[in-house]
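*Asks:* To start, I am sharing the structure in question, which I have written as structure tokens.
The values are calculated or read from the model by the stated rules, or taken from the named source; none is laboratory data. Model, not experiment: these values are computed from the prediction. Note that each Cβ is placed from the backbone with ideal geometry, even for glycine, and that neighbours are counted across all protein chains shown.
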Amino acid sequence: MDLISLLLPLFSGAAGGNLVGGILKNFNLGSLGNSLAGLIGGGVGSLVLGNLLGMPMPVTGGVDPDGAALLGQILGGGAGGGVMTIIVGLLQKMLARPAA
């Protein structure tokens, strides 16, 4: 298990969270909120997407000569970070709504 394979989905998740927060202003949590939601979503998203697509994970110690595992972690982390930012943004909007 190497450090790059652990940090790559987290950083790509933070980038995905900030990207979604910048594009979809209704779900923007601020820079820190987008980054934190993206970090969590990036870690979870890379594992889920990697398992769904059957991509090899570099943390297993196997050799990945074509870089498919790294690409899967970047894509999964970015997508997971974006989705988590939207989910947290939706929850924030629902909780901030005044009771009728």
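*Asks:* Six or more apart or on different chains, Cβ atoms under 6 Å: show the pairs whose first residue is in segment 77-100 and closer than 10 Å to Val20 by Cα and whose second is at pLDDT below 90 and exposed (fewer than 15 other Cβ atoms within 10 Å of the Cβ).
*Replies:* none
*Asks:* Within segment 20-47, track down each residue that is surrounded by fewer than 17 Cβ atoms within 10 Å (Cβ to Cβ) and aliphatic (A, V, I, L, M).
*Replies:* Within segment 20-47, Ile23, Leu24, Leu32 meet the criteria.
*Asks:* Still on this model: When residues of segment 43-100 are filtered for being touching a helix residue (DSSP H, G or I) at 6+ places or on another chain (Cβ under 6 Å) and modelled with pLDDT under 70, how many remain?
*Replies:* 7
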